[in-house]
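Accompanying notes for the structure given below.
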Amino acid sequence: MTQKKIGDVILDVKNISLSFGGVKALSDISFNVKEHEIRAIIGPNGAGKSSMLNCINGVYKPQEGSITFRGTTFKHMNSHEVAVMGVARTFQNLALFKGMSVLDNIMSGRNLKIKSNLFMQALRIGPAQREEFEHRAFVERIIDFLEIQPYRKTPVGQLPYGLQKRVDLARALAMEPQVLLLDEPMAGMNVEEKQDMCRFVLDVNDEFGTTIVLIEHDMGVVMDISDRVVVLDYGKKIGDGTPDEVRNNEEVISAYLGTSH
Amino acid sequence: MFYRENGQFKTTYAADSQIFPIAQDRWVILAIIALAAIAVPMVASTYMFKAILIPFLILSLAAIGVNILVGYCGQISLGSGAFMAVGAYAAYNLFIRVDGIPLVLALLGGGFFATLTGIVFGIPSLRVRGLYLAVATLAAQFFWDWAFLRIKWFTNYAPSGSVQVADLSMMGWAIKDPADKYLFCLAFLVVFGLLAKNLVRGAIGREWMAIRDMDVAAAVIGIRPMYAKLSAFAVSSFIVGVAGALWGFVHLGGWEPAAFSVDRSFQLLFMVIIGGMGSIMGSIFGAAFITLLPIFLNQALPVLGSAVGVEITTAFVSHAEFMIFGALIVWFLIVEPHGLARLWSVAKQKLRIWPFPH
Amino acid sequence: MGFFLETLFGGLMTGMLYSLVALGFVLIFKASGVFNFAQGAMVLFAALAMARFAEWLPQWLGFNNKIVANLLAFVLAGILMFAVAWLVERLVLRHLVNQDGAVLLMATLGITYFLDGAGQTVFGSDIYKIDVGMPKEPLFIWENVFQGGVLVSKEDLYAAVIAALLVIALTLFFQKTTTGRALRAVADDHQAAQSIGIPLNRIWIIVWCVAGVVALVAGMIWGSKLGVQFSLTTVALRALPVVILGGLTSVPGAIIGGLIIGVGEKLSEIYIGPLVGGGIEIWFAYVLALVFLLFRPQGLFGEKIIDRV
């Protein structure tokens, strides 16, 4: 297997602090993500991992710190702009559009690429029609990739959890992102489903070169597939390095296993 | 047995994303439209045109507009009556002040001004939702109620405060008989219905539904909430405005602001709820239901009453209407939020596998 | 200046009436998170019931004392309102527990229409009088300060006093009694309240009772002043901006919001009205609410609305 080529820093998080009222969710977090790598964020529950992704994504606005994406620095991100810049994400609790079918959910991920305006869509001729079908073809490739063909027209609410997670991933992939933020993509899955999901994540990273930032609790998965790991605990960073380095880090071990007094 | 899709394989995306993918559906819809355009004018009475068919067509159009905003985009609106009014009065002013303006252009112009109003009064939707948004739309309703009553310019300084239009014609075709008016409205409904259906099954429709279902997630995948919400208000108000103009010009002939009061807003909302939120066909079902129910009750209740020996007054019939509407709204919201449209598609599902039970 | 004061008082009195109706809305919203549009119809239903019972009871029971008739009518109407409130909760609201505000709003709109039809069927559609012995003559005060004195309606004064007493009673109830505390707990967090053993259903029934009584009092005052007739659009639609202004979760907000809107409507009609053609009362309250919505959706005293991701 050829060694993956990991590029330069594409995302740089500097001194991010986030509070909700009196609760400090993140304290002075800094780390970077290199292009084409798989970066895992791990930590006990409540450590602030999802909040970190939410900051990168523009869902939360941190009180302090900055985020640099491809050389441009932002005090805080705007969800929509971030998406256009090429950052996509999946959600821990699934944020699918329950009123729509699987196909429509994934197609909605293509919306930021759609150029035709209202009037042309209403008449559905020429360019609007062609565009719709081009995007449909692209989405079908993703559907093939994630093996959800039989469920195209099913309303997402009717699918089992594991399949819904795949649709969530498919929608994120439809955006052709450069960076993919995955929030516990394997949560609630059995061993087979986890293997499938791992395969998908690795394939996405391999085939499309997408940079992956991954929150995950399953240590086996993290150690196997990630290139570098960030460890959070109580909103602070306590570890940063390759899986082996982090595995042997004293602080990380005591955070997970507790220290003996 | 009759409704099977056997042999109807879709080999292109174009075929797969048709409005009516099942061939039988296509035939039935074409047949209905043909019947509506050719057979109905031959057999319907003047009463049927004026009391049932024309209001039904125009209110269907308005309901489609309201459904786009409320059903597809999830933005509650209690101000549709006001947008109908803006459409009607704007069309009126264009009609009488711009010499020789074609009728259709005046009507569409009414829709255009309604669009502008819709966008302005839709701005609160960027900050609030639900009950609070309903209040904002009510502000629009009452403001325009007042404006068309008090700002004399709108009514061309008519002493009575009401306006009339007469001598409607389109490219030489005088629209005078009820049958003519009916066909005129039918044309509008079919054309706008098709455009609306194209919008809701295209990219903008998906944006609207995404905002409705989860607007935070919508932003994260690159949809601009502002554009989606305001475009929903814009398109919805345009259709409702044109419907309002048709209502005033074709159905009423002459009107005052009370024709477009908050009761009208509620009526349109009820059509959407009963017919099915998020469904173009549903809007038409809802309009049919609400147009026909009073007439049905008017005939049926006295008969029922005399069967059990109770006298039914006309007052009671209208009270019964209110009670039945109210009860149905509640029933549909609890049991089947997708309204008659869902009941219809469930029936079709059963028909597909008939005579087998499952 | 005398005229200004008259307008001011008139506005305050009307405002008091709005506050009373808004109070009903706020109570139900605080306890159950449901904005019950039907509260308006319930006010009218209550008022109608009272008016008609006061008329019918003497006929049914064969006595002729007006005070007794009114008292009995009040009690009977109260029981009826409780039954209606309980039915609404049971048949409708219980099934729509987790739906979002817009759906609940539309459901209560449906209930309003239903009550409208039912009310008119049972009680009739004419305008009925409620005669609870409120004095109808006007009162002139401060005659030595302003020439001719300032005209104040005695009836409005009585109404204001009754309303004030009601508010004080409610405040005491909420702050000082155990049930009141339980109600506030439920309003804050249903699940937490349940987990410490507060019986949710019983609390809701109490809330609906209280709201029903408030509705009845409001209906009585309104009916005594204006006569009772079912007009769907009147009551609830007038109270809605009050609730937005004051804040959906605030009892003092409902009072102050009502007063502000009552006074604002009158003053704006007198002083701004002539400039733009008059009759701005129909939209003043709503446009004011709209402005609040854009800059401070939670109203003057409401809790900040947080959108959780």
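The values are calculated or read from the model by the stated rules, or taken from the named source; none is laboratory data. Here the structure is a predicted model, which means the values were calculated and not measured. For neighbour counting, all protein chains shown are included, and Cβ atoms are generated from backbone atoms with ideal geometry for every residue, glycine included.
Within region B:193-200, can one find any residue that is in contact with a Gly (Cβ under 6 Å, 6 or more places away or on another chain), aliphatic (A, V, I, L, M) and in a loop (DSSP other than H, G, I, E, B)?
no
Can you find even one residue in region C:1-16 that is part of a helix (DSSP H, G or I) and closer than 26 Å to C:Ala102 by Cα?
no
Write out, first by first residue and then by second, each pair whose Cβ atoms fall under 6 Å of each other, whose residues are 6+ apart or on separate chains, and whose first residue, in region B:113-129, is more than 8 Å from every other protein chain (Cβ to nearest Cβ) while the second is at pLDDT below 95 and not in a helix (DSSP H, G or I).
Every condition considered, the pairs that remain are B:Ser125/B:Gln75.
With respect to C:Phe45, determine if the residue is in a loop (DSSP other than H, G, I, E, B) and hydrophobic (A, V, I, L, M, F, W, C).
no
Does region A:97-111 hold any residues that are over 12 Å from A:Ala172 (Cβ atoms), in a helix (DSSP H, G or I) and facing another protein chain (nearest Cβ under 7 Å), and which are they?
A:Asp104, A:Met107, A:Asn111
Only one of (1) at the interface with another protein chain (Cβ under 9 Å from one of its Cβ atoms); (2) closer than 30 Å to B:Asn156 by Cβ; (3) charged (D, E, K, R) is not met by B:Arg264, so which one is it?
Checking B:Arg264 against (1) at the interface with another protein chain (Cβ under 9 Å from one of its Cβ atoms); (2) closer than 30 Å to B:Asn156 by Cβ; (3) charged (D, E, K, R), the one that fails is (1).
Is there a residue being part of a helix (DSSP H, G or I), of a type in the set (Gly, Ala, Ser), under 12 Å from the mean Cα position of the chain (by Cα) and modelled with pLDDT of 90 or more anywhere in region B:261-272?
yes
Restricting to helices (runs of 4 or more DSSP H) lying wholly in region A:211-261: which have 3 or more residues that are in the same structural domain as A:Met186 (by TED's automatic domain parsing) and within 17 Å of A:Asp183 (Cβ to Cβ)?
Hits in region A:211-261: A:219-225.
Looking at B:Ala82, B:Ala134, can you tell me which residue is surrounded by 24 or more Cβ atoms within 10 Å (Cβ to Cβ), without any contact (Cβ under 8 Å) to a residue 60 or more places away in the chain and among the aliphatic types (A, V, I, L, M)?
The match here is B:Ala134.
For the structure I just gave you, tell me whether B:Gly305 is crowded, with 24+ Cβ neighbours inside 10 Å and farther than 24 Å from B:Met48 by Cβ.
No.
Identify all residues within region A:114-146 that are outside any helix (DSSP H, G or I) and either in contact (Cβ under 8 Å) with a residue 24 or more places away in the chain or over 30 Å from the mean Cα position of the chain (by Cα) (or both); write none if there are none.
Selection gives A:Arg124, A:Ile125, A:Leu146.
Considering only residues that are farther than 20 Å from A:Arg110 by Cβ and crowded, with 22+ Cβ neighbours inside 10 Å, which ones fall in region A:70-88?
Scanning region A:70-88 gives a single hit, A:Met77.
Read through the list (1) touching a Ser or Thr at 6+ places or on another chain (Cβ under 7 Å); (2) buried (at least 23 other Cβ atoms within 10 Å of the Cβ); (3) more than 18 Å from B:Gln75 (Cβ to Cβ), then give the number of the only condition that B:Gly118 fails.
(3)
Does A:Leu202 satisfy the criteria of being assigned by TED's automatic domain parsing to the domain that holds A:Gly7 and not in a helix (DSSP H, G or I)?
No.
Could you identify the single residue in B:Ile221, B:Ile204 that is touching a residue at least 12 places away in the same chain (Cβ under 8 Å) and within 14 Å of chain A (Cβ to nearest Cβ)?
Going through B:Ile221, B:Ile204 in turn, the sole match is B:Ile204.
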